[in-house]
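As structure tokens, the structure follows; a few thoughts come after it.
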Amino acid sequence: METNTGNPTDRPSKPIKIAFLFNYRCLRDREALLSLLLVFSLLFISSTSLAQAIIKGKVVNVADGDTITVLDSSYRQHKIRLYGIDTPEKGQAFGNSAKKFTAGLVAGKQVEVKAYDVDRYGRTVGVVMVAGLNVNRELIKAGYAWQYRKYCKASFCGDWLQLEREARVSMRGLWDFAVDPVPPWEWRKAKRSGNTSSKTSNTYTAPASEAYHGNVKSHVFHAPSCRHYECKNCVQSFGSRQEALDSGYRPCGMCRP
């Protein structure tokens, strides 16, 4: 009787190859799935960490009313965009005043920033605290910032909007004039579109029928070139700057008559 003692290498190898390829592909798919899960986990952890991140350091630059640079203990610079507010731009009326107000609060001082987001320019968007004072809130309260309608979504944003209304009624900061200032987001939009209408311009051209006009409510006087020259309360006329000063009026901070 003949016994089959054939060499294993002579047996069909196709089923083995198919099984190997199947297991290999499953392994590859599993690795891809694990890699994908790992990426999503890292993104989730990163976003969660950002929402809870606290940046501490010294303010080394104030670019404008709502943008500062903080140097941390590792000598890393963080550009900070103040969350939930919008201050006048450099080319706008009160842009420099808002910058000076912010600088007066934080320049050269140690601050703590609670990060909420990162904007499209790579800046950390957060609330800045200095010696227990909320800088974002103080800018609105002093009348140098708007509550940023589009981006202020936190629970305290309603309170900030009320602070803005109170600053407007009390005529603090940029609300010191009867003519409503243009919100920065509208000013930027008009500038991008090339709109130079009087609504968004920083100056108002009026007939020089009188040397100066005084606001009887705020007791501020304006030159004929000022956008507030014809405001609804600017009904007091002065023949000279000295006459306005002698009457107890103070110069406009924008046109500086």
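The values are calculated or read from the model by the stated rules, or taken from the named source; none is laboratory data. As the structure is a prediction and not an experimental result, all values here were calculated from the model. Positions of Cβ are backbone-derived with ideal geometry, glycine not excepted, and every protein chain shown enters the neighbour counts. We work out accessible area using only protein heavy atoms, side chains counted, and drop any ligands, DNA or RNA first. Shrake-Rupley method; radii C 1.70, N 1.55, O 1.52, S 1.80 Å.
Tabulated values for the structure
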item: Breaking point among (1) under 19 Å from Glu186 (Cα atoms); (2) more than 17 Å from the chain's Cα centre (by Cα); (3) open to solvent by 40 Å² or more (accessible area, probe 1.4 Å), for Glu89; result: (2)
item: Matching residues, the stretch 89-148, being out of contact with any Pro (no Cβ under 7 Å at 6 or more places or on another chain), touching a residue at least 12 places away in the same chain (Cβ under 8 Å) and polar (S, T, N, Q); result: Ser97, Thr102, Gln110, Thr124, Asn136, Gln147
item: Which numbered condition Glu164 misses (of (1) touching a strand residue (DSSP E or B) at 6+ places or on another chain (Cβ under 8 Å); (2) within 20 Å of Val220 (Cα to Cα)); result: (2)
item: Residue satisfying all of: in the stretch 118-164; in contact with a helix residue (DSSP H, G or I) (Cβ under 6 Å, 6 or more places away or on another chain), assigned to a loop (DSSP other than H, G, I, E, B) and open to solvent by 10 Å² or more (accessible area, probe 1.4 Å); farthest from His78 (Cα to Cα) among these; result: Ala142
item: Subset of the stretch 165-180 [assigned to a helix (DSSP H, G or I) and among the hydrophobic types (A, V, I, L, M, F, W, C)]; result: Ala167, Val169, Leu174, Trp175
item: Selection within the stretch 225-257 - among the hydroxyl-bearing types (Ser, Thr, Tyr) and either open to solvent by less than 70 Å² (accessible area, probe 1.4 Å) or out of contact with any strand residue (DSSP E or B) (no Cβ under 6 Å at 6 or more places or on another chain) (or both); result: Tyr229, Ser237, Ser240, Ser247, Tyr249
item: Test for Lys114: is it within 30 Å of Asp176 (Cα to Cα) and not β-branched (Val, Ile, Thr); result: no
item: Residue in the stretch 108-115 that is in contact with a helix residue (DSSP H, G or I) (Cβ under 7 Å, 6 or more places away or on another chain) and either within 29 Å of Gly253 (Cα to Cα) or open to solvent by 40 Å² or more (accessible area, probe 1.4 Å) (or both) present; result: no
item: Filter pass, Ser170 being exposed (fewer than 13 other Cβ atoms within 10 Å of the Cβ), out of contact with any helix residue (DSSP H, G or I) (no Cβ under 7 Å at 6 or more places or on another chain) and at pLDDT 85 or above; result: yes
item: Checklist (1) open to solvent by less than 70 Å² (accessible area, probe 1.4 Å); (2) within 28 Å of Gly253 (Cα to Cα) applied to Asp72, failing item; result: (2)
